[in-house]
Amino acid sequence: METLRKAPKLITGVVSSTAMQKTAKLEIIYMEQHPLYKKHMKRKKTLLFHDENEVCVVGETVNIVECRPLSKSKHYRFVSKVENAS
């Protein structure tokens with residue numbers, strides 16, 4: 001019996017930190033509505049990703065893709081730059 005693999009998730013966000021070796025932090029900002037009061041709130045999520053060649057710079061918009069766990073908290077790898085830092 002064959003096992004089918006899911007397509008890996010592609011995530012776009014802004015690089016917020018590159019202080020670690022071969023690792024960078026991505027910040028995803030999104031709007032969410034409160035269930036009772038219906039107010040729109042700004043939320044953010046941070047993910048660590050693997051940057052093998054250390055090409056990412058803080059402030060750049062990049063694409064990352066889901067991969068096997070590389071460490072305790074690193075489950076994504078760098079794919080491409082979308083927009084350079086200004």
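Looking at the range 1-18, which of its residues are over 18 Å from ASN84 (Cα atoms) and either acidic (Asp, Glu) or at pLDDT 90 or above (or both)? Write out each step before concluding.
Let us first name the residues in the range 1-18 that are over 18 Å from ASN84 (Cα atoms), namely 1-10.
Those that are over 18 Å from ASN84 (Cα atoms) and either acidic (Asp, Glu) or at pLDDT 90 or above (or both): GLU2, LYS9, LEU10.
Only one of the listed residues (ALA24, ALA7, ALA19) is assigned to a strand (DSSP E or B) and either in contact (Cβ under 8 Å) with a residue 60 or more places away in the chain or more than 13 Å from the chain's Cα centre (by Cα) (or both). That residue is ALA19.
The set of residues from the range 18-36 being closer than 13 Å to VAL62 by Cβ and among the small types (Gly, Ala, Ser) comprises just one member, ALA24. Selection of the range 38-59 for residues being surrounded by 12 or more Cβ atoms within 10 Å (Cβ to Cβ) and of a type in the set (Asp, Glu) yields ASP51, GLU54.
Quickly run through the range 30-86 and pick out the residues that are aromatic (Phe, Trp, Tyr) and outside any strand (DSSP E or B).
Within the range 30-86, TYR37 is the sole residue that qualifies.
Cβ-Cβ contacts under 9 Å between residues 6 or more apart (or on different chains), taken from a first residue in the range 45-65 that is farther than 9 Å from LEU26 by Cβ and without any contact (Cβ under 8 Å) to a residue 40 or more places away in the chain to a second residue that is small (Gly, Ala, Ser) and in a loop (DSSP other than H, G, I, E, B), are listed as HIS50/SER71.
The values are calculated or read from the model by the stated rules, or taken from the named source; none is laboratory data. Owing to the predicted nature of the structure, the values given are computational and were not obtained by experimental measurement. All Cβ positions, glycine included, derive from the backbone under ideal geometry; neighbour counts span all protein chains shown.
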